[in-house]
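This report concerns only the one structure given below.
The values are calculated or read from the model by the stated rules, or taken from the named source; none is laboratory data. Nothing here was measured: the structure is a model prediction, and the numbers come from that model. Backbone-built Cβ (ideal geometry, glycine too); neighbour counts: all protein chains shown. All accessible areas refer to the heavy atoms of the entire protein, side chains included, with ligands and DNA or RNA removed. Shrake-Rupley method; radii C 1.70, N 1.55, O 1.52, S 1.80 Å.
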Amino acid sequence: MKASKVKQLEKKHVVQTYTRAGFVLEKGKDCYVFDKEGKKYLDLVGGIACTPIGHGNNYLASKVFEQAKKLLNVSNLYYTEPQVELAEKLAKLSGLDKCFFCNSGAEANEAAIKLARKYKKKTEIIVMEHGFHGRTFGALAATWKPKIKKAFKPLVPGFKFVKYNDVKAIEKAISKKTAAVMLEPIQGEAGIIVPDKDYLKNVSKLCKKKNILLILDEVQSGNGRTGEYFCFKHSKIKPDIVTSAKGIANGIPLGVMIASNKVAAGFGKGDHASTFGGNNLASAAANATIDFILKKKLMKKAVKVGDYFIKKLHQLKANKKIIKEVRGKGLMIGVELNKEVKPIIEKCYNEGLIIATGGKYVLRFLPPLTLKKKHVNQVIKVLSDVL
Ligand SMILES: Cc1ncc(COP(=O)(O)O)c(C=O)c1O
């Protein structure tokens, strides 16, 4: 099919909720993707943080193929090995105990919201200004952006918004009805907002003192991107609930809510469910992705290349007034400009770079963790010209 035909069919038969770039992507290898015309792009978006081990990964492909031939999905009415193998891995990586599997970040957050309410028998959850948790009704109610909520009211009640990176604001907002505090260890959609070093530790202390749950949304910051499999690990804390999705199975849909034994006991038989959640194919893909990340030491590499990337961006900032701020951790990086980024991103497409936005003014980088210094040099050269 020609690229023009793909675009024509998309317009005709796909609900028009997305603004798409002008090209049609067809295949990928490691950090690169190729469009229908064969043009090569360095992919710094990675499916929005969904491809930690890169595109066209042979190890993952073989494991997915093996599982696809064996058994795809039998529902959660039966025991299956790939799911429990994955649950054990995630428990170990998070320091928590029990997983509930679903298919996306929003669903993982819905599960967390339901569990927190049921466990605490309270209805209020404190969430953050500029936070993002998904588009389903509960997750949307927990999300800040007024623009994307306005048309869908009434939303789920009980969410109280406070300033991010401000522990006192949380303390002030806590009431007798508060079940939990829910936040991202680094705010992603908001434009890569990294809080102060002690923020998570202090929030965790406060939650313990006030006997409320701490829910961490690691949908974007997780899966090794910041140098730990879960970003909260840098703060040496133990939250009550963690959610993950995006890069967990390198692009195959899977979401998970992980909880401590104590809190997980809040859900009994029939309290929550998902037909596809943790199916054999997605679980096998997640097992392979995690094994590959650990075996190839991709978290360590993400820190090394991420630090180099951030250093180079700071050097670029010294010569470019258009750059307001550079921020990030590992390979979760944002560059805030004094101008809207959209036309800049369009120019980068022409130069063979795919970059995401993080709000109107931020260039957002969430590449595969296999990114190398030579790729960073390419990005800096293009940005230097385009900016
Ligand atoms: C932190 C965070 N939570 C939740 C979500 C929603 O995930 P999904 O699109 O898989 O529902 C996103 C998506 O961008 C996210 O960044």
> Going down the list LYS118/LYS238; LYS118/LYS208; LYS246/LYS339; LYS40/LYS373; LYS29/LYS295; LYS12/LYS69, which pairs span over 23 Å between their C-alpha atoms?
Replying inline: LYS246/LYS339; LYS12/LYS69
> Gaussian network model of the chain, Cα springs within a sub-10 Å range: biggest mean-square fluctuation belongs to which of GLY266, GLY134, GLY105?
Replying inline: GLY266
> Tell me which aspartates and glutamates have Cα within less than 19 Å of LYS210's Cα, excluding those fewer than 8 residues away on the same chain?
Replying inline: GLU124, ASP166, GLU171, ASP198, ASP240
> Taking the chain, how much of its Cα-Cα pair set, in percent, is spaced more than 41 angstrom apart?
Replying inline: 11
>> Considering only protein heavy atoms and a probe of 1.4 Å, how much of the accessible area of the chain is carbon and sulfur, as a whole percent?
In response: 54
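Among the DSSP beta bridges whose two residues both lie in the chain, what percent are antiparallel, rounded to the nearest 5?
Values: 30 of 46 bridges.
If we restrict to bridges inside the chain, about 65 percent are antiparallel.
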>> Using the Cα centre of the range 216-333 as origin and beta-carbon charges of +1 (Lys, Arg) and -1 (Asp, Glu), tell me which of ASN279, LEU216, LEU316 is placed farthest towards the positive end of the dipole.
In response: LEU316
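For the range 260-344, what is the convex hull (Cα atoms) projected area averaged across all directions, in square nanometres? Could you put the intermediate results ahead of the total?
Working: hull surface 40.7 nm².
Answer in nm², one decimal: 10.2.
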> Say we join alpha carbon atoms closer than 10 Å with springs in a Gaussian network model of the chain; which of LYS269, LYS300, LYS121 then has the biggest fluctuation?
Replying inline: LYS269
> Once the dipole of the chain is set up with Lys and Arg at +1 and Asp and Glu at -1 on Cβ about the Cα centre, which of CYS207, PRO82, GLY54 lies farthest towards its positive end?
Replying inline: CYS207
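Suppose every K and R has +1 on its Cβ and every D and E has -1 on its Cβ; what is the size of the dipole of the chain about the Cα centre, in Debye to the nearest 20? Walk me through the numbers before you get to the answer.
On the way: 71 positive and 34 negative charges, 159 e Å.
I would put it at about 760 debye.
Let's see if you can work this out: charge +1 on each Lys and Arg Cβ, -1 on each Asp and Glu Cβ, no other charges. What is the dipole magnitude of the range 285-350 about its Cα centre, in debye to the nearest 20? Present the calculation step by step, with values, prior to reporting the outcome.
Details: 17 positive and 6 negative charges, 61 e Å.
So the magnitude is around 300 debye.
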